[in-house]
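*Asks:* Have a look at this one before I ask anything.
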Amino acid sequence: MSNPRIYQNSIFTLNETMALNENAFGHVVRVLRLVKGDTIILFNGKEACQYSAKLVEVSKKAVLVKIIHHEEVNNESPLNIHLGQGISRGDRMDFTLQKAVELGVNKITPLFTERCGVKLSGDRLAKRRQQWQKIVIAACEQSGRCMVPEVAEPIALAQWLAQQTSALKLNLHPKAHHSIFTLKAQAHRIRLLIGPEGGLSDDEINQANAAEFHDVLLGPRVLRTETAALTAITSLQCRFGDLK
């Protein structure tokens, strides 16, 4: 069994003994039920590396670990994808974020659109964003990524479309005339727009086109929002990234 990977937003130094934070402690003790002498892998989400750590003290209130090894990790895609995802209901949004991270997305902005059907604001929105970020961290722990993508503050579609960027802008549209694999441009950075359940309205598609988003399609069938996002990301990674 491989050593479990644990995220902790800390600076790690070889041969240093340090305490796990509250989230890491709970995962190690209550979920994994690890004991003194067990080894875990730690990463902080900001460095392309991970650290082996041995549990040297385990109690009901704290876990102390000693950093024993440092390893560079080179599994980030050469393609930087910023996903603008129309907010969908319930587990669909969670599933989309989780799998998008596994496929190498670098940033996710949840978008309020005409048909998103989700009403969130204030504390409820802040808590939901925190939950989405936790899902992203868990996906990094599972998939071996060390760089943790940001879940940006949810905003209206029009605000996201107005942001300045040098990335290639793509909007998944079932009536488009070009597929991802027929794009002539080479890309290292992409902004990918995916509508919610029910898709984008005609007016929103026109807004995206006015903001220089190119309509692309994935095939003759209409895909659910979570299927569309993951299929598009996979296609982009095959076309420009590191999936083969």
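*Asks:* Answer yes or no: is there a residue in the range 160-179 that is part of a strand (DSSP E or B) and among the basic types (K, R).
*Replies:* The answer is yes; a qualifying residue exists.
*Asks:* Check whether at least one residue in the range 29-40 is at pLDDT below 95, surrounded by 15 or more Cβ atoms within 10 Å (Cβ to Cβ) and either among the small types (G, A, S) or outside any loop (DSSP other than H, G, I, E, B) (or both), and report yes or no.
*Replies:* Yes, the range 29-40 contains at least one residue that is at pLDDT below 95, surrounded by 15 or more Cβ atoms within 10 Å (Cβ to Cβ) and either among the small types (G, A, S) or outside any loop (DSSP other than H, G, I, E, B) (or both).
*Asks:* Any residue at all in the range 200-211 that's modelled with pLDDT of 95 or more, under 25 Å from G117 (Cβ atoms), among the acidic types (D, E) and surrounded by 13 or more Cβ atoms within 10 Å (Cβ to Cβ)?
*Replies:* yes
*Asks:* I need the full set of residues from the range 53-86 which are out of contact with any Lys or Arg (no Cβ under 9 Å at 6 or more places or on another chain) and closer than 22 Å to G198 by Cα, in order please.
*Replies:* Q85
*Asks:* Tell me yes or no: at least one residue of the range 52-62 is in a loop (DSSP other than H, G, I, E, B), at pLDDT below 95 and closer than 21 Å to S143 by Cα.
*Replies:* So far as the range 52-62 goes, no, none of its residues is in a loop (DSSP other than H, G, I, E, B), at pLDDT below 95 and closer than 21 Å to S143 by Cα.
*Asks:* Shifting gears a bit: Confirm whether G86 is of a type outside the set (K, R), surrounded by fewer than 16 Cβ atoms within 10 Å (Cβ to Cβ) and either touching a residue at least 40 places away in the same chain (Cβ under 8 Å) or within 25 Å of R5 (Cβ to Cβ) (or both).
*Replies:* no
*Asks:* I'd like to check something: does the range 164-173 contain any residue that is closer than 24 Å to F95 by Cβ and loosely packed, with under 12 Cβ neighbours inside 10 Å?
*Replies:* Within the range 164-173, not a single residue is closer than 24 Å to F95 by Cβ and loosely packed, with under 12 Cβ neighbours inside 10 Å.
*Asks:* May I ask you to list pairs of residues, at least six apart or on different chains, whose Cβ atoms are under 8 Å apart, with the first in the range 34-63 being touching a residue at least 12 places away in the same chain (Cβ under 8 Å) and the second being of a type in the set (S, T, Y) and in a loop (DSSP other than H, G, I, E, B)?
*Replies:* Note: pairs meeting the criteria are L42/S10; N44/S10.
*Asks:* Continuing with this model, one more query. In the range 169-199, what count of residues is obtained for those that are under 23 Å from the mean Cα position of the chain (by Cα) and within 30 Å of K119 (Cα to Cα)?
*Replies:* 15
*Asks:* Listed residues V73, V63; which is in contact with a Cys (Cβ under 7 Å, 6 or more places away or on another chain) and under 25 Å from F25 (Cβ atoms)?
*Replies:* Only one candidate qualifies: V73.
*Asks:* Looking at the range 209-230 only, could you name the residues that are in contact (Cβ under 8 Å) with a residue 24 or more places away in the chain and among the hydroxyl-bearing types (S, T, Y)?
*Replies:* T225
*Asks:* Looking at A138, A156, which one is of a type outside the set (V, I, T) and out of contact with any Ser or Thr (no Cβ under 9 Å at 6 or more places or on another chain)?
*Replies:* Result: A138 is the single residue among A138, A156 that is of a type outside the set (V, I, T) and out of contact with any Ser or Thr (no Cβ under 9 Å at 6 or more places or on another chain).
*Asks:* If the Cβ limit is 6 Å and pairs must be 6+ apart or interchain, which residue in the range 190-203 that is touching a residue at least 60 places away in the same chain (Cβ under 8 Å) and in the same structural domain as L230 (by TED's automatic domain parsing) pairs with which residue that is of a type in the set (K, R) and part of a strand (DSSP E or B)?
*Replies:* So the pair list comes out as R191/K169.
*Asks:* Among (1) out of contact with any Ser or Thr (no Cβ under 8 Å at 6 or more places or on another chain); (2) in a helix (DSSP H, G or I); (3) touching a residue at least 40 places away in the same chain (Cβ under 8 Å), which single condition is N206 missing?
*Replies:* N206 satisfies all of (1) out of contact with any Ser or Thr (no Cβ under 8 Å at 6 or more places or on another chain); (2) in a helix (DSSP H, G or I); (3) touching a residue at least 40 places away in the same chain (Cβ under 8 Å) except (3).
The values are calculated or read from the model by the stated rules, or taken from the named source; none is laboratory data. Keep in mind the model is a prediction, meaning the values are calculated, not measured. FYI the Cβ positions are ideal-geometry reconstructions off the backbone, even for glycines, and counts take in every protein chain you see.
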